[in-house]
Amino acid sequence: MNTITTFCTECERQVKATIEEVRETIDVRGCAVTDDFEYAVCPYCESRIPEPVLVDRNFAKMYGAYREAAGIPQPDEIVALRRRYGFSQRVFAAVLGIGVASVQRYEGGALPSESHAELLRRARDRRFLLERLRGGALRLSAQERERALRTVEQQATSRVDYAVVRLDLLDCLPREVAPETGMRALDADRLREAVVYLAAHVGNLFATKLNKVLFYLDFSAYRDEGVGFTGLRYARADYGPVPDQYDLVMAALVDGKALSYREQGDGRVVVAHRGADLSAFSPQEVARLDAVASFANGFSSCAELSAYAHEEEAWRETPSGALIDYGLARSLHASSLSC
């Protein structure tokens, strides 16, 4: 039974509350949303405690279901759609004719007003964006408007839905067989199934932890077999090695169906909603996935795994922001990852 230490306003004292899951139907703007919601229950007075973490999680469920029913883009779809065209939040807001603060709120999970919801729905259509740029977006300079117009005109498809946005994001990543990709061409399906498998087998797979797990998956494969596992490129960030353009990779993979985020503490855990399809993986590749999961589970925290990765030559010898040479996999410390 899960518990949480919190403050009960009824008892006026700190308590170890039980987290209870209750299936409820809740009205969100006239839409009935049925889901399992979590509540902190005081062990003394049995009242529900408005614990902020659980309240936020419940609202995320309610709002997500409402957006799905109403056809409103989800927060990460808004981010993905905006980045598809290379728009900053300011430019995207100007194209839609709404405030920058509104875009920031909607990308952060807030529900849009009905008028703004309609704008976001229509923004999926390239023709709508062209119309806005040709006939308005007056808050942009002439140069900004022309650059945005040129970018949208160059898009090949006239209609963008959520699934297409995700595929297009991965299509933007290098797919050639090259030294910087570990001599493997990126395969979106292969990458997705690997992450689904890891999400199901690595405990508390925070998004920041996944950076390191993927790094060890690819670099151990390259060290042992001369070819990486996923075809991703890696860059040197201050907090460790990360897949190049990691935010785009995650926007493409976390679709709320195969994978989603769960808020936990100050971070987000990647959660799998189905089993991984391993039909395209060899027995040796499955063994490597298992070895990497076991390796990651051997660390007591993300910070401990991060500190371990900081000792790798691949990270220490690479300038900040630069791509990491797969050739440095030869000095990888993680000998337990040999398959």
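The numbers here are math on the coordinates, done by the rules we state, and not lab data. Note that the coordinates shown come from a computational prediction; the quantities given were computed from them, not determined experimentally. Glycine also receives a Cβ, built like all others from the backbone with ideal geometry; neighbour counts cover every protein chain displayed.
Taking other residues whose beta carbon is less than 15 angstrom from the beta carbon of GLU38, and scoring Lys, Arg as +1 and Asp, Glu as -1, yields -3. Remark: the range 190-313 is approximated by an ellipsoid whose semi-axes, taken from the C-alpha gyration tensor as √(5λ), come to 19, 19, 14 Å, largest first.
Amide hydrogen proximity for ALA235: with H placed 1.01 Å from N in the peptide plane, the residues at 5 or more positions away or on another chain lying under 5 Å are VAL242, ASP244, ILE324.
The magnitude of the dipole of the chain, with charges of +1 and -1 set on the Cβ of Lys/Arg and Asp/Glu and taken from the Cα centre, is near 1200 debye. Put simply, the amide H of VAL28, placed in the peptide plane, has neighbours under 5 Å in VAL33, leaving out anything fewer than 5 places away on its chain.
All other residues whose Cβ lies under 12 angstrom from that of VAL286 are scored, Lys and Arg at +1 and Asp and Glu at -1, for a net of -3. Each semi-axis of the equivalent ellipsoid for the range 3-70 is √(5λ) with λ an eigenvalue of the Cα gyration tensor; in descending order they amount to 27, 10, 9 Å.
Using modelled backbone amide H atoms (1.01 Å from N, in-plane), which distant-in-sequence or interchain residues come within less than 5 Å of PHE37's amide H? HN-HN under 5 Å from PHE37: VAL22, ARG23, GLU24. Label-to-label distance, ALA237 versus ALA185, with points set 7 angstrom from Cα along the beta-carbon direction: 2.9 nm.
Taken over the range 75-158, the convex hull of the Cα atoms encloses 79 Å³ per residue. Ordered by the count of other Cβ atoms within 10 Å of each Cβ, fewest first, LYS16, LYS61 give LYS16, LYS61.
Spin-label model, GLN143 to GLU20: label points 7 Å out along the Cα-to-beta-carbon direction sit 6.2 nm apart.
When +1 charges are put on Lys and Arg Cβ atoms and -1 charges on Asp and Glu Cβ atoms, the dipole computed for the range 75-158 relative to its Cα centre reaches about 220 debye.
Ordering GLN154, SER102, SER115 by Cα displacement along the dipole of the range 75-158 toward the positive end leaves GLN154 in first place; charges were set at the Cβ atoms of Lys, Arg (+1) and Asp, Glu (-1). Net charge of the neighbourhood of ASN297, taken over other residues with C-beta under 11 Å away and scored Lys/Arg +1, Asp/Glu -1, is 0.
Along the range 206-220 the Karplus relation, 6.51 cos²θ - 1.76 cosθ + 1.60 evaluated at θ = phi - 60°, assigns HN-Hα couplings of 4, 4, 5, 6, 4, 3, 6, 4, 5, 4, 5, 4, 6, 6, 5 Hz to successive residues, with x for each Gly and Pro.
In the chain, helical runs assigned H by DSSP with n ≥ 4 each contribute -39500 (n - 2.57); averaged across all residues and rounded to the nearest 500, the mean residue ellipticity at 222 nm is -14000 deg cm²/dmol. Among ARG223, ARG274, ARG121, the ranking by other beta carbons within 10 Å of each residue's beta carbon, starting with the fewest, stands as ARG274, ARG121, ARG223.
Treating r as the C-beta distance of ARG48 and VAL286 and R0 as 45 Å, the FRET efficiency rounds to 0.55.
Taking other C-beta atoms within 10 Å as the exposure proxy, TYR106, TYR261 rank TYR261, TYR106 from fewest upward.
Projected label points at ASN204 and ALA307, each 7 Å from Cα along the beta carbon direction, are separated by 1.4 nanometres.
When the alpha-carbon atoms of the chain are used, the pair Rg, Dmax equals 22.5, 65 angstrom.
Structural size metrics of the range 271-339, computed from C-alpha coordinates, are Rg and Dmax of 14.5, 38 Å. Remark: the Cα gyration tensor places the range 1-159 in the prolate category, a/c being 1.5 or greater and a/b exceeding b/c.
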